Amino acid sequence: MTAAFPAAIPHAAPRRDARARRMIRRGLAFAAPAAVLLVVIYLLPLVMLAGFSVTDYQLGALRWSFVGLKNFAAAFRDPVFLRALGNTALYAAIVIPCGIFLSLGAALLVHGTRRSRALWEIAYFLPVTATLVAMATVWQFLLHPTLGPVNAAITWLGAAPVSFLGTPALLIPTLALIGTWQIIGFNMVLFLAGLTAIPKDLTEAARLDGARHPVDRFLTVTWPMLGPTTMFVAVTTSISAFKVFETVAVLTKGRAGSETLLYALYLEGFDYSNTGYAAALTLIFLAIVLVLSIGQTLHLEKKVHY
Amino acid sequence: MAPHSLTLSGIGKGFGSTEVLKGIDLAIRPGEFLSLVGMSGCGKSTLLRIIAGLETADRGQVAIGGTDVTGVDPTDRNLAMVFQSYALYPHMTVRENIATPLRMRELRLAQRLPLIGRLLTPPALRARIAAAVEEAAETLQIATLLDRRPAQLSGGQRQRVALARALVRQPAAFLMDEPLSNLDAKLRAHMRDELAALHRRLGATFVYVTHDQVEAMTMSDRIALMSDGRIEQLGTPDELYRAPVNLTVARFIGAPTINLIPVEADAGGDLSAFGQALMLRAPGPGPATLGLRAEDLRIAAASDAPGFDARVLRSETHGADRFVTCAILAATDLTATLRQPVSAGPAPAAGARVRLGFAAQHAHLFDADGCRKMLRSAAGVAA
């Protein structure tokens, strides 16, 4: 600051110096509360997490020691964690595309309606407002092998009843189905907002330019114009897919090898009180989500026009 | 391609309980520049959208080149439209924007797909589209902008891209919906000239919607002046200016707005204004309105008839011409503007008493319903 005013005006320099210092102090005083809050609420927990992750600390233990990267190495040898990783990847592989494209389809259909739009919006949005834990019990009933209406329908069609929550291979796909069901409404509302923002002129210009078929108009105008919305939906859907927890905790409790990342983490941290190890898993989880979100954003940004 | 005619017969359209078009009959000649002009809400844009097929008329027919297209999809009407917002595809470059109408019409869906489409398109066809795009860009002097995106262009440049996209294929007619209203005044005047030149060069049929009478007057072969869902008058700009069929047309056309003076005809048809005889005769008795263009008023000798006594409020010099606004003495709140060349002499001082005179043959008479009536001077000379 003072360097900006060299000895050109020697007499004025000290006064200006004092004033500049006062202004800096005042500025810092104003910025301090926000900065402190930022550090205390966001950065400190992360630092503590990183600290825990290199120790063998167990919640409530009186002694702990530094173990370096052992926790991370252990994670990648831990069959439970690796299974959780695979399960989460499968879950995300189902929920992300279904959650995006089904909601886009629903949004296009709802956007086309005139009077019933509000009704559809509410209907699709209900799962978002309902607690997933509460709704999971409903799903448990719906999918019950003997009591559930889903299996009643399957038997009525002449097939053998399916134990959705009893067959290990079906556990993750079933959870993914519930996850998709839950997320579609939210994504649909986002897509509806995106659709509403597309100027009507563009679609009309496309019609005159020769886009006779609705699919043509979708490809020429709607889909490119939805770029920013799609990017946002893709990123948020991916994050929530990786964060799947409630349905696992309520419906399967991780049995038959159905742990997901967050559930494995929860077991380590809260059931087994392995705070150090859980912290390492959390960091891995954060890294995965971060890398995916940033990668997705960079990849899509090239294609998206704002 | 030979220019096409556009024929509208009995077009009616309502939105809810509001009737915006009340039976429009209009025959647009091949190669004509026709302006649909009127206040906002008069139905001109709706009419254009009905021609384009973007809106469906409740009744009536649209024919292009003699073929009825009333129920035909906009794509198949082969019309090009320039929107007020330009409606450029923001995710495409200028080149892709201009090529879109050709790609849509000449390529099959598979050929339009990214990557594979390129392989499926015969090189000759691709070259033809590229050449047509270049030519359209040359015509509108935007060849250097072809690789930019619309967001990187100024309003005037976007306007040109929109025009290029319209003329890249040979449409049956060009439809323009207030294309210049988003430009600044200077650019608008410039684009007016260019549009008129473009029309001459292409020789195509242009239907041009505007609320700006100056645009309509300067570019059009004919103007259809619309008001309240009807065509009030269809004619050349000169006809609308010289012989407005009613008060609506008289008020809309011309700047400054025509001076309107309330007058009264006695049983014999002799007209008087504010109790003063005007030495003019109407076809019948009753209240009427006298319309006088600014350039038809002059500062006259003290007792010249016909005329009005007035007091000068202000005078504005616009280069070669001067507009003098006067308050009519016999009426409260009634002003009249006269236009005189600056070369006619010094401007009358504000506050000066003047006599505003006019020649009977320049005055327009409108009856109580606003319809034009024949005006004779008391000496019997037809106006």
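Yes/no per residue for (1) part of a strand (DSSP E or B); (2) at pLDDT 95 or above; (3) under 16 Å from residue B:292 (Cα atoms):
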| residue | (1), (2), (3) |
| --- | --- |
| B:197 | no, no, no |
| B:217 | no, no, no |
| B:234 | yes, yes, no |
| B:263 | yes, no, yes |
**Request:** Determine whether the range B:135-146 contains at least one residue that is facing chain A (nearest Cβ under 9 Å), part of a helix (DSSP H, G or I) and not β-branched (Val, Ile, Thr).
**Result:** no
**Message:** Could you tell me how many of the residues in the range B:359-369 are crowded, with 19+ Cβ neighbours inside 10 Å and at pLDDT below 90?
**Reply:** 1
**Request:** Pick out the one residue from A:268, A:259, A:246 that is surrounded by fewer than 22 Cβ atoms within 10 Å (Cβ to Cβ), touching a helix residue (DSSP H, G or I) at 6+ places or on another chain (Cβ under 7 Å) and more than 14 Å from chain B (Cβ to nearest Cβ).
**Result:** A:246
**Item:** Residue list for the range A:246-281, restricted to those being under 15 Å from the mean Cα position of the chain (by Cα) and either closer than 14 Å to residue A:72 by Cα or of a type outside the set (Val, Ile, Thr) (or both)
**Value:** A:246, A:261, A:262
**Request:** Collect the residues in the range A:140-180 that are touching a helix residue (DSSP H, G or I) at 6+ places or on another chain (Cβ under 6 Å) and under 17 Å from residue A:240 (Cβ atoms), keeping them in residue-number order.
**Result:** A:172, A:175, A:176, A:178, A:179, A:180
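Which residue is surrounded by the fewest Cβ atoms within 10 Å (Cβ to Cβ), if the candidates are limited to the range B:50-77 and must be at the interface with chain A (Cβ under 9 Å from one of its Cβ atoms) and either at pLDDT 95 or above or in a loop (DSSP other than H, G, I, E, B) (or both)?
Our first condition is that a residue be at the interface with chain A (Cβ under 9 Å from one of its Cβ atoms); within the range B:50-77, this holds for B:52-54, B:73-77.
Now narrow it down to the ones that are either at pLDDT 95 or above or in a loop (DSSP other than H, G, I, E, B) (or both): B:53-54, B:73.
Values: B:53: 24, B:54: 20, B:73: 10.
So the residue we want is B:73.
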**Asked** Among (1) out of contact with any Asp or Glu (no Cβ under 9 Å at 6 or more places or on another chain); (2) surrounded by fewer than 15 Cβ atoms within 10 Å (Cβ to Cβ), which single condition is residue A:140 missing?
**Response** (2)
**Request:** Starting from residues that are modelled with pLDDT under 85 and over 18 Å from residue A:268 (Cα atoms), keep the ones in the range A:66-94 and report whichever is nearest to the chain's Cα centre (by Cα).
**Result:** A:68
**Prompt:** For the range B:258-278, how many residues meet the condition of being surrounded by fewer than 16 Cβ atoms within 10 Å (Cβ to Cβ) and in contact (Cβ under 8 Å) with a residue 24 or more places away in the chain?
**Reply:** 4
**Asked** Taking the range A:234-286, which residues are touching a Ser or Thr at 6+ places or on another chain (Cβ under 6 Å) and of a type in the set (Val, Ile, Thr)?
**Response** A:235, A:244, A:248, A:252, A:260
**Message:** Quick check on residue B:165: is it basic (Lys, Arg), surrounded by 23 or more Cβ atoms within 10 Å (Cβ to Cβ) and at pLDDT 90 or above?
**Reply:** yes
**Request:** Pull up the range B:106-122, narrow it to residues that are within 12 Å of chain A (Cβ to nearest Cβ) and among the charged types (D, E, K, R), then point me to the one that is surrounded by the most Cβ atoms within 10 Å (Cβ to Cβ).
**Result:** B:112
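Can you pull out every residue in the range B:76-116 that is among the polar types (S, T, N, Q) and closer than 20 Å to residue B:163 by Cβ? Outline the logic, then answer.
Going residue by residue through the range B:76-116, those that are among the polar types (S, T, N, Q) are B:78, B:84-85, B:93, B:97, B:100, B:111.
Hits for the range B:76-116 are B:78, B:84, B:85, B:93, B:97, B:100.
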**Considering residues of the range B:18-49 that are more than 14 Å from chain A (Cβ to nearest Cβ) and part of a helix (DSSP H, G or I) only, the residue farthest from residue A:207 (Cα to Cα)** = B:44
**Item:** So residue A:136, is it in a helix (DSSP H, G or I), of a type in the set (A, V, I, L, M) and in contact (Cβ under 8 Å) with a residue 24 or more places away in the chain
**Value:** yes
**Asked** Residues of the range B:80-105 being more than 7 Å from chain A (Cβ to nearest Cβ) and within 21 Å of residue B:144 (Cα to Cα), which ones?
**Response** B:86, B:88, B:92, B:93, B:94, B:95, B:96, B:97, B:98, B:99, B:102
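Applying the selection to the range A:183-198, what residues are within 14 Å of another protein chain (Cβ to nearest Cβ) and of a type in the set (A, V, I, L, M, F, W, C)?
Taking the range A:183-198 first, the residues within 14 Å of another protein chain (Cβ to nearest Cβ) are A:194, A:197-198.
Residues satisfying the conditions are A:197, A:198.
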**Prompt:** Residues B:325, B:289, B:248, B:236: which one is surrounded by 14 or more Cβ atoms within 10 Å (Cβ to Cβ), under 30 Å from residue B:45 (Cα atoms) and not hydrophobic (A, V, I, L, M, F, W, C)?
**Reply:** B:248
**Request:** Test residue B:303 against the criterion of being hydroxyl-bearing (Ser, Thr, Tyr) and under 32 Å from the mean Cα position of the chain (by Cα), and give yes or no.
**Result:** no
**Item:** Residue tally, condition more than 10 Å from every other protein chain (Cβ to nearest Cβ) and in a loop (DSSP other than H, G, I, E, B), over the range A:199-226
**Value:** 1
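Consider residue A:84 carefully, then state whether it is closer than 20 Å to residue A:243 by Cα and in contact (Cβ under 8 Å) with a residue 24 or more places away in the chain. Full working, then the answer.
On the way: closer than 20 Å to residue A:243 by Cα: yes; in contact (Cβ under 8 Å) with a residue 24 or more places away in the chain: yes.
Against the criterion (closer than 20 Å to residue A:243 by Cα and in contact (Cβ under 8 Å) with a residue 24 or more places away in the chain), residue A:84 qualifies.
The values are calculated or read from the model by the stated rules, or taken from the named source; none is laboratory data. It should be emphasised that the depicted structure is a prediction, and the values quoted were computed from it without experimental measurement. Methodologically, a virtual Cβ is constructed for each residue, glycine included, from the backbone with ideal geometry; neighbour enumeration extends over all protein chains shown.
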